[in-house]
1. Dipole of the chain (Lys/Arg Cβ +1, Asp/Glu Cβ -1, origin at the Cα centre): which of Ala102, Asn215, Asn198 lies farthest to the positive side?
2. Counting only other residues whose beta carbon sits under 11 Å from that of Pro59, what net charge do I get with K and R as +1, D and E as -1?
3. Taking 0.36 nm per residue of sequence separation and subtracting the Cα-Cα distance, how much length would be gained by fully extending the chain between Gln233 and Glu175, in nm to one decimal?
4. Report the gain in length on full extension from Gln244 to Val151: 0.36 nm times residue separation, minus Cα-Cα distance, nm rounded to one decimal.
5. Which value, in debye to the nearest 20, gives the size of the charge dipole of the stretch 116-264 about its Cα centre, when Lys and Arg are +1 and Asp and Glu are -1 at the Cβ?
6. Among Pro121, Phe32, Thr68, whose Cα projects farthest towards the positive end of the dipole of the chain, with charges put on the beta-carbon of Lys, Arg (+1) and Asp, Glu (-1)?
7. Sort 169-181, 242-254 by the packing proxy (mean of other Cβ within 10 Å over each peptide's residues), most packed first.
8. Using the Karplus curve 6.51 cos²θ - 1.76 cosθ + 1.60 with θ = phi - 60°, what ³J(HN,Hα) values do you get for each residue of the stretch 45-58, in whole Hz, with x for Gly and Pro?
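Computed from the coordinates by the stated procedures, all read-outs in this text should not be read as laboratory data. The model shown is predicted, which means the values in this text are computed figures rather than measured ones. Neighbour counts run over all protein chains shown; Cβ positions are idealised from the backbone, glycine included.
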Amino acid sequence: MDPRQVVLVTGSSTGFGKLMAQTFARHGYTVFATMRDPAVRNAANARELRELAAAESLPLHILEMDVTHEDSVDRAVHACVAEAGRIDVAINNAGYGVAGLAEATTLEQVRHQMDTNFLGPVRVNRAVLPHMRKQRSGLLMHISSGAGRVVIPGFGFYCASKFALEAMAEAYHYELAQQGIDSCIVEPGAYKTAVFGNMVTALDTARTETYGAANRITEKVNGRLSATNADAQVVADAILAIVQTAPGERKLRYRISPQDWGVDAINEVCAQVQERAIAAFDLTEETTFVQRTAATAT
């Protein structure tokens with residue numbers, strides 16, 4: 001992929017998103033780093049990225065986007081296209097985790113978890129796809145997790161949101177293939193980022209008073225995960241390499257992790273099953289990637 005192309009990253013205030021924005025800009029891509037409320041709530045994070053862009057003369061721009069609001073997503077994508085003329089890569093990175101036993105998690109917490117981690121990417125994809133289809137090219141990148149394949153007790157609704165994200169991203173992978181647009185999934189393991197400090201705790205703990213030893217589950221898991229010292233830059237570098245892979249040659253799923261929870265084995269089996277399902281519905285031709293050009297477009 002041409003490094004002069006345009007990359008939009010959601011959730012760029014900290015963590016993977018911030019590292020991806022910096023990494024892509026340093027490799028010559030025009031980057032639109034989006035975040036909630038860059039004027040107040042994320043003012044310090046936005047200022048840091050702007051100062052970096054000025055110091056290193058990077059093509060890095062800050063846009064306001066709240067992925068839980070369709071109008072906010074549409075405004076940011078419109079601003080990106082108005083400024084750069086196109087959008088080539090949309091990286092759905094914005095998200096957070098709810099930690100706690102499932103019964104202790106309120107319905108409002110569940111709604112917001114799904115609204116951010118699942119419906120957020122749905123909104124972003126719907127906003128960018130008309131532009132990508134017009135260009136006859138593009139890449140939707142979905143930042144999932146090993147928890148999008150393996151259930152972690154004490155983080156059930158976070159896992160549910162990532163499982164849903166993976167299903168949606170895989171559907172796009174098949175449905176957009178004839179449009180010349182890729183849809184990929186990245187499954188990071190535990191890395192040293194701000195994500196653990198941003199965890200939301202389940203509120204209705206009165207419901208779990210009788211759970212006994214199970215009440216220790218979330219604390220034990222969170223302790224193991226947050227103890228990692230793995231460098232998150234590895235993830236940003238791997239995502240850059242995926243973007244630089246030729247269209248149509250990218251894999252559906254990429255596991256990037258210092259831990260081995262058997263996710264690769266799950267992915268391998270699911271790929272075999274999915275291939276059989278595609279064949280059973282006689283959809284091989286319809287789901288095969290086609291490099292779109294003005295000559296091949298219909």
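1. Value: Asn198.
2. Net of charged neighbours comes to 0.
3. Taking 0.36 nm per residue and subtracting the Cα distance, the gain is 17.7 nm.
4. Net length gain for the segment: 30.4 nm.
5. Numbers: 16 positive and 13 negative charges, 63 e Å.
Dipole size: approximately 300 debye.
6. After comparing all options, I get Phe32.
7. Per-residue mean Cβ counts within 10 Å order the peptides as 169-181, 242-254.
8. Karplus values, whole Hz, x for Gly and Pro: 5, 5, 4, 4, 5, 5, 5, 5, 4, 5, 5, 10, 6, 8.
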